[in-house]
1. With the requirement that a residue be touching a Cys at 6+ places or on another chain (Cβ under 7 Å) and within 13 Å of the ligand (Cβ to nearest atom), what does the range 31-52 give you?
2. Determine, yes or no, whether Leu200 is surrounded by 12 or more Cβ atoms within 10 Å (Cβ to Cβ) and modelled with pLDDT under 85.
3. So Asp86 passes all but one of these: (1) without any contact (Cβ under 8 Å) to a residue 40 or more places away in the chain; (2) open to solvent by 40 Å² or more (accessible area, probe 1.4 Å); (3) within 22 Å of Cys19 (Cα to Cα). Which condition number does it fail?
4. Just checking, does the range 98-110 include any residue being under 25 Å from Thr192 (Cβ atoms), touching a residue at least 60 places away in the same chain (Cβ under 8 Å) and of a type in the set (D, E, K, R)?
5. It is to be established whether one or more residues within the range 281-288 are of a type in the set (Ser, Thr, Tyr), modelled with pLDDT under 95 and closer than 16 Å to Leu172 by Cβ.
6. Of the residues Leu88, Leu101, only one is aliphatic (A, V, I, L, M) and either within 16 Å of the ligand (Cβ to nearest atom) or assigned to a helix (DSSP H, G or I) (or both); which?
7. Give the number of residues within the range 213-232 that are closer than 23 Å to Glu288 by Cα and open to solvent by less than 20 Å² (accessible area, probe 1.4 Å).
8. Confirm whether Gly73 is within 16 Å of the ligand (Cβ to nearest atom), farther than 22 Å from Lys174 by Cβ and surrounded by fewer than 14 Cβ atoms within 10 Å (Cβ to Cβ).
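The values are calculated or read from the model by the stated rules, or taken from the named source; none is laboratory data. What you see is a predicted model, and the numbers here were worked out from it, not measured in a lab. Neighbour counts run over all protein chains shown; Cβ positions are idealised from the backbone, glycine included. Surface areas here come from the heavy atoms of the whole protein model, side chains and all, with no ligands, DNA or RNA. Shrake-Rupley method; radii C 1.70, N 1.55, O 1.52, S 1.80 Å.
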Amino acid sequence: MVFGQVVIGPPGSGKTTYCNGMSQFLKLIGRKVAVINLDPANDALPYECAVNIEDLIKLSDVMAEHSLGPNGGLVYCMDFLEKNIDWLESKLKPLLEDHYLLFDFPGQVELFFLHSNAKNMITRLVKKLDLRLTAVHLVDAHLCCDPGKYVSALLLSLSTMLHLELPHINVLSKIDLIEKYGKLAFNLEFYTDVQDLSYLQRHLDQDPRSTKYRKLTKELCDVIEDFGLVNFATLDIQDKESVGNLVKLIDKSNGYIFASIQGSVVDFSKIAAAPLNWDYYRTAAVQEKYMKDD
Ligand SMILES: Nc1nc2c(ncn2[C@@H]2O[C@H](COP(=O)(O)OP(=O)(O)OP(=O)(O)O)[C@@H](O)[C@H]2O)c(=O)[nH]1
C-alpha cells in the first residue's frame, strides 16, 4: 500500500514550505519520501522533487502561446495534466514500491471546490495506483484574527472537503504568527474546534460594517455547523513537535498507522477510537506557546 498527502491551500498558505519541512521530518523518522510538484508556478523549489509538472508543461509557455493570465494559464495546465495523466502515472510507478508521496498542488483554491480536473486526477490515481492519500488543507492562522476572514476560511475548508472526498485534515498554518495581525477574541480552542459560531456572530455584530450582512453571516455559520465537519489542527513548520503531532493525525487518517498491525478487528478499533493526544497538547499547549497571556 502506498501512503501520502495531497497538500493544498490558498496562495501563500505555506504549501511548498510544508512539503519541504514535512519531507525532511519524514526522512528523519525513516521514511523514503518523494515530493511531486504539480504547481507549474513553483519556480524556485526548496526541495528536490521526484516528479515535476514543469517537465510536462510550462506555465510561461502556456501564457505566451494562448494569451492567458496566470490563473487562466494554471487552469489550462491542470486540464493538460488531466488529459496526460498517463505521464504522471508512469512517473509515479517506480516510486510505488517503497516511497511515501507528497503532492504539492497549486494555490488556486477554485481548483479544489469548483473545477473537476484536480479531483478527477486524484480519484484516478487513488483507484488505479491503490494510493492512500490524505488531503492536508493549509489555511493561514492569522485569518482567525478577523471574524469575517475566519468564516471565509471555514467555508473554503468545508467546500474543499465536500468536493475532494478524501480523508481530510484542515491545518492552521504559521501558528507561530497567529497574533501578528491582532489579538484573538477567544481561546485558540474556539477556532480549532469550530463548536459554537454564535459567539463569533455576536462578536461580528459589534462591527458596524457587518450589520448589513448579519443575516447572511448567520446563515453561512448555520451551514458550517449543520455539516459539523470542519475543525483544524495547528502547525508551525519550524517546530518538530508541531510537525510530529500533525504526522500522527495524518497517519491515522490515511491508515498508515494500521498498515503494520497484524491484529484482530478489536486491536484495530482500539487504535482507531483512541484519541491521539490529550486535549491539553492539542490546543492549550499551543496557545501557551504562541499567544500572549493577558
Ligand atoms: N513563520 C512561519 N512562516 C511560514 C510557515 N510556513 C510557511 N511560511 C512562510 O510563508 C511564506 C509562503 O510560503 P510558501 O511555502 O511559499 O506558500 P505556498 O502556499 O507554497 O505559496 P504559493 O506557491 O504562492 O501558493 C514563505 O515566506 C514561508 O517562509 C510557518 O509555519 N511559520
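1. Val35, Asn37, Pro40, Tyr47
2. yes
3. It fails just one condition, (3).
4. Looking through the range 98-110, at least one residue is under 25 Å from Thr192 (Cβ atoms), touching a residue at least 60 places away in the same chain (Cβ under 8 Å) and of a type in the set (D, E, K, R).
5. yes
6. When all the criteria are applied, what remains is Leu88.
7. Within the range 213-232, residues that are closer than 23 Å to Glu288 by Cα and open to solvent by less than 20 Å² (accessible area, probe 1.4 Å) number 1.
8. Taking the combined requirement at face value, the residue does not satisfy it.
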